[in-house]
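The values are calculated or read from the model by the stated rules, or taken from the named source; none is laboratory data. Just so we're clear, the structure is a prediction, and the values are computed from it rather than from any experiment. No Cβ is skipped: glycine too gets one built from the backbone with ideal geometry, and neighbour counts run over all protein chains shown. The protein model used for the area step is the full one, side chains on, heavy atoms only, and it has no ligands, DNA or RNA in it. Shrake-Rupley method; radii C 1.70, N 1.55, O 1.52, S 1.80 Å.
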Amino acid sequence: MEECSTGALVPAVKPEPKPSSIEASADPGSNDVDRPAHEKGLTEVDKDLLCPICMQLVKDAFLTACGHSFCYMCIITHLRNKSDCPCCAQFLSTNQLFPNFLLDKLLKKASARQISKSASPVEHFRQALQQGCEVSIKELDTLLTLLAEKKRKMEQEEAERNMQILLDFLNCLRKQKVEELNEVQTHLQFIKEDIGAVERRRMDLYRARDRYSVKLRMLGGDDSISGARKSWPSSIDNNTSSLSGRAGMSSWNLQPKKLDGWGLQKKDALSASDSQYMTQSGLAVARKKRVHAQFDELQECYLQKRRQMANQPYTQQERDKNVIQREGYTTGLADFQSVLTTLTRYSRMRVIAELRHGDLFHPANIVSSIEFDRDYELFATAGVSRCIKVFDFSSVVNDPADVHCPVVEMPTRSKLSCLSWNKFTKNHIASTDYEGIVTVWDVNTRQSVMEYEEHEKRAWSVDFSCTEPTRLVSGSDDCKVKVWCTRQETSVLDIDMKANICCVKYNPGSSNCIAVGSADHHIHYYDLRNPSQPLHVFTGHKKAVSYVKFLSNYELASASTDSTLRLWNVKENIPVRTFKGHTNEKNFVGLTVNGEYIACGSETNEVFVYHKEISKPVTWHRFGSPDLDDTDDDAGSYFISAVCWKSDSPTMLTANSQGTIKVLVLAA
C-alpha cells in the first residue's frame with residue numbers, strides 16, 4: 001500500500017552547511033569586536049598585560065613562584081586539573097601563588113589614563129569638580145550662561161531639524177498622493193472611454209437583434225398569415241391613423257379559425273422564449289457572481305492591459321480579421337473582454353468518463369504521465385506498473401462500460417516517469433524510465449524503435465520537438481540534458497548542469513530553444529546552438545522546479561514543490577504572474593496548459609484550474625473513490641499525479657496515485 005500512495009519524490013538540492021560557531025570564533029581578531037575600547041587600547045600598547053590563559057586584561061593579578069602573572073580565577077581553575085605552570089610547565093600548586101599588587105596598580109593607572117584620553121570635556125569637568133577643584137561664583141555664572149545659551153541653540157537646531165523632517169514627509173506624501181490622483185484620473189478616463197465604447201457597441205447589438213427578430217418573424221410566418229395579411233385593407237400601413245388601426249384589428253377578427261393555430265404557435269413561441277430568457281438570465285447572474293468573486297484580480301488585469309495598450313486602437317487589418325466591429329475599442333479593452341469572457345464561462349468541472357489504470361488487485365497503479373497523440377484521438381498512460389497503455393478517447397467517453405481495455409499495451413522493463421508523442425509521426429511515442437533509458441516506441445508494431453542508455457541515473461522527462469520530427473530531449477538525475485536524433489544511436493548534444501534535471505520542454509515555435517527545470521529552484525532557458533550557457537535563468541521558485549510547459553512561443557508556465565505555479569515571458573525574460581491555491585511539497589502532481597488555462601494536480605487529491613491572467617484558481621475538482629470512504633485514513637494519502645488538456649478544448653484527462661483516470665470537462 002505504501003507504493004500506491006507515495007509516488008516518486010521531486011529531487012531537491014541539499015542546502016550548503018553554515019559555518020559553525022567554533023569556526024567563526026577561530027577568526028583572528030573576532031574577540032576584539034565586543035571588547036571595551038580601553039581594553040583594546042591596552043592590548044595594542046602592551047601585550048604583557050594580558051592573562052596567558054584567558055587572553056584578556058589581567059583581573060586580580062596573582063604571581064607564581066616561577067614569575068608568571070595570571071588572573072586569580074584562571075590560574076585556580078587550571079590548577080584544579082593540572083599541577084604545572086601554563087607558561088613554563090614547572091610544578092605549581094596553590095601554595096605557590098601570591099598577590100601581585102604592583103601589577104594591579106599599574107593596570108588601574110593604565111586603565112584610568114586610557115579612560116581619560118577617551119573622555120569628553122564634560123566628563124573632565126565633572127571629574128575636576130568631584131576631585132575638589134575650586135571655582136568662583138562668577139566663573140560658575142559664566143559657565144551657566146554659556147551652558148544655557150548652548151542649550152537654547154541646540155534646542156533651536158533640533159526643532160529646525162524636526163520641522164524639516166516633517167516638511168519632507170508632507171512633501172513626499174503630497175507627491176505620492178498627487179501621483180495616485182493622476183493615476184486614478186487616468187484610470188477614470190480609461191473607464192469613461194471604455195464605457196462609451198461598450199454602450200455604443202451594446203446599442204448596435206440591440207438594433208441588430210431587433211432586425212434579426214423581424215426577419216425571423218417574416219420568414220417564420222405560414223400561409224394563413226400571408227392570406228390574412230392579403231385580406232387587410234390596402235390603406236393599412238405603418239403610417240395609418242388609430243381608426244385605420246382599429247379597422248385592421250377588426251379584419252383580424254374576421255378570420256378567427258385561420259388565426260387560432262397561429263396564435264397557439266405564437267403563445268408556444270413566447271413560452272419557449274420566456275424559458276430561454278430565464279435560462280439566459282440565470283447564466284448571466286451566475287457569471288456576475290464569478291466576476292465579483294474575482295473582482296480585485298480582474299480590476300488589476302483590466303488596468304494592466306489598459307495601461308499597456310493605452311490609446312492603441314485596432315489597425316484596419318485587425319479590424320478586418322475581427323468578426324465584430326468594435327468602434328472605439330482599444331486593444332487593451334478587447335484583450336480584457338476576452339479574459340472576462342473565458343474566465344466567467346466556467347465555474348466547475350464535470351466528470352464525463354472514468355476508468356481504472358491496471359489491475360484492481362495490483363497496488364502499484366500510480367499514473368506518472370498521461371498524454372494525447374498528435375490528432376487527439378488516442379491517449380497513452382504510463383507509470384509504476386511498467387506498462388504503456390494506449391486508449392481510444394472516443395470509446396472511453398462514449399462507451400458506458402465500467403472497464404475500458406486499451407487498444408495497445410506495451411510492457412517495459414522498468415517503472416516509467418514520462419511520455420511524449422511525436423508531433424509529426426502519429427504512431428511514435430517516447431518514454432523515460434527509472435533506469436535512465438530513453439525509448440522511442442512504434443505503437444502500431446508495439447516494439448521499440450530506438451533505445452538510448454547514456455543517462456547514468458533515473459530520467460525524469462522527455463519531449464519531442466514540435467518543429468523537427470526527429471529530435472527529442474531528455475533530462476535526468478545525473479544532472480545532464482541530452483538531445484537525441486531518432487536516426488542516430490547516440491546523443492547529438494549534451495548539457496552538463498550542477499543539479500538534478502526534473503523537466504525539459506521544447507519551445508513549440510523553435511527546435512533550437514528548450515526550457516529546463518532543475519532541483520536548484522531555477523529554470524534554465526537554452527539556445528541549443530550555443531549550449532555553453534543559458535540565454536536566461538528564471539529565478540523565483542523557492543524549491544525544485546518539477547514541470548515546465550509552453551502556452552505559446554513566448555509564454556512559459558512552471559510548477560514547483562513550493563506549492564506555486566509561475567508564468568514567465570521568455571521573449572522579454574521577465575516574470576509575469578504567480579499562481580497559488582493548490583498544495584505541492586514533494587510529489588510530481590502534473591502540469592498542463594492550453595491557450596488560456598493552466599491546470600495542475602494537488603497533494604490533496606484535487607485538480608486545480610487557473611486562468612493565465614488570474615492568480616487564484618478558477619475552479620477545482622476533488623477525486624473521490626467508490627472503494628474508499630472519505631473518512632478512510634488512506635484516502636488522504638492519494639494525490640493527483642498527471643493531467644493533460646485535450647488541445648484548446650475545455651476537456652482534460654486527469655489521473656491520481658490510486659490509478660484512477662477521469663475525463664473532466666469545464667462546465668458553467
**OP:** Could you check how much of the accessible area of the range 70-201 is carbon and sulfur, as a whole percent, using a 1.4 Å probe?
**Re:** 60 percent
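Out of the total accessible area of the range 432-535 (probe 1.4 Å, heavy atoms of protein only), what percent is carbon and sulfur?
Carbon-and-sulfur percentage of accessible area, whole number: 39.
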Original post:
From the phi of every residue in the range 329-340, what ³J(HN,Hα) in whole Hz does the Karplus formula 6.51 cos²θ - 1.76 cosθ + 1.60 yield, where θ is phi - 60° and glycine or proline is x?
Top reply: 6, 8, 4, x, 5, 5, 4, 5, 4, 4, 4, 4
Original post:
What order, most packed first, do the peptides 516-526, 375-385, 493-503, 282-292 have when packing is the mean number of other Cβ atoms within 10 Å of each residue?
Top reply: 516-526, 375-385, 493-503, 282-292
Original post:
For the peptides 133-145, 546-558, what is the packing order when you average, over each peptide's residues, the other Cβ atoms within 10 Å and list the highest mean first?
Top reply: 546-558, 133-145
Original post:
So what is the accessible area of the range 45-131 per residue, in Å², with the probe set to 1.4 Å?
Top reply: 69 Å²
Subject >> 27 Å Cα cut-off, lysine pairs counted over the range 45-131 (separation 8 or more, or different chains) >> reply: 14
Subject >> Sequence ranges 609-618, 206-215, ranked by mean other-Cβ count within 10 angstrom, highest first >> reply: 609-618, 206-215
